[in-house]
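Asks: Dumping the structure here so I can ask a few things about it.
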Amino acid sequence: MHGKTNHRRGQTTIDFLVGASVFLLTVGFVFASLSGIFAPFTGTEASDTLAADRGAATLVEDALARPGQPGVLNATCTRQFFDESLAGACSVDDLDEGMGIDAPDQVNVTVEEDGSVRNLSGSELRAGPPVPDRGSVVVARRLVLLDGEESDLYVRTW
């Protein structure tokens, strides 16, 4: 009654499929986690944040401000800064010089009021390349007084 039985078990297709799936999911998770581990050390967003903040502070407190009145912009120097065709005695008339930002960074500076770019004596207060629709853009905002009106000065870097 006790016949010989075969105690060997073969690997089935389902066992192989489950094992391969678990292995691939584990490898995928490891690669996804490793890319996030090194992201804080790339430094691009942190340097853009510092550049935007430093640029906004330089413009509002020194380059475009009335002497001794940080946050109150000199209308003549502000117009000269944004309109390249004008020349004058102001300390800054170039975007890169005024911002103190190295060439690799892209910078856009605008003075806005109620969400639209301000005009000052026929000059649109916008400098630099257009802000991209995609990607990481860092914004520094300062409240300024220009010709007796409150406006927002935005410095965008990417």
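Quick note: the coordinates plus some simple rules give every number you see, no bench work behind them. Note that the structure is a prediction, hence the values are computed from the model and not measured. So basically every Cβ, Gly included, is an ideal-geometry build from the backbone, and we count neighbours across all protein chains shown.
Asks: Taking amide hydrogens as modeled 1.01 Å from N in the peptide plane, which residues meet the under 5 Å criterion relative to Gln106, leaving out close sequence neighbours?
Replies: When sequence neighbours closer than 5 places are left aside, the close amide H contacts are Trp158.
Asks: Work out the FRET efficiency for Thr76 and Ile37 from their Cβ-Cβ distance, taking R0 = 41 Å, and round it to the nearest 0.05.
Replies: Between Thr76 and Ile37 the formula returns 0.20.
Asks: Further question on the same structure: What distance in nm separates the two pseudo spin-label positions at Gln11 and Asp133, each 7 Å out from Cα along the beta-carbon direction?
Replies: For Gln11 paired with Asp133, the spin-label model returns 5.1 nm.
Asks: For the residue pair Val22 and Ala57, what label-to-label distance in nm results when each label sits 7 Å from Cα along the Cα-to-beta-carbon direction?
Replies: Distance between the two pseudo-spin positions: 5.5 nm.
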